[in-house]
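Data first, discussion second: the structure below is written as structure tokens.
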Amino acid sequence: MKSYGFYWRLLTIVSCCLYPLICLAINGYEVSLSKYFDTSTQPIYLLCNIATVYYFLQLKEWSIPGVLLLFVTVFSVSEYPMTHNVFAVLFFVTMLIALLQSKRFKYIRYIFILGLLSCLYSLLIGEIICIFAVSFHHYLFMLKFKTIKEYNERDNSK
């Protein structure tokens, strides 16, 4: 992974964690993250989702959630509620599947499941927990990959 790739991915992960909080701070509580599409924070919503789609499409195990997130973003909940909700549910299910198939950081899948269960109480809070869990998974994975690569490069330079 080139250094700019590392920093681009890190920026995407941090942005994904911050954007729900920014939306919440600027526009107050909405039922779900998708409802922020109809607010003044729509550009943040779109940019973060597009960056996440790009990020996911680069990873074999995360390409299906990436495509589904693209559809979630394109079909707004206000204009296409049924289509949007079907894609949103599939998006979260495929993210859970990707976490369950991952051999690393297995404990994060339990945080994600807690997020899914939290959706029964508050869809927004559940979504935020799930986003934080997936972002943390990708951060740890990326950090581990970068550390291994740097170690190998140092070893090969001897």
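For the chain, the tally of Lys pairs with Cα-Cα distances below 17 Å comes to 7, considering only residues 8 or more apart or on different chains. Using 0.36 nm per residue and subtracting the Cα-Cα separation, the extra length available between F141 and Q42 on full extension is 32.7 nm.
At an R0 of 22 angstrom, the distance between the Cβ atoms of L59 and V86 translates into a FRET efficiency of 0.40. Report, in whole Å, the centroid distance computed from the Cα atoms of region 3-36 and region 117-146. Spelled out, the Cα-based centre of one part sits 12 Å from the other.
All of the numbers you see were taken from the coordinates with simple rules; none came from a lab. Given the structure is predicted, the values throughout are model-derived calculations rather than measurements. Note that each Cβ is placed from the backbone with ideal geometry, even for glycine, and that neighbours are counted across all protein chains shown.
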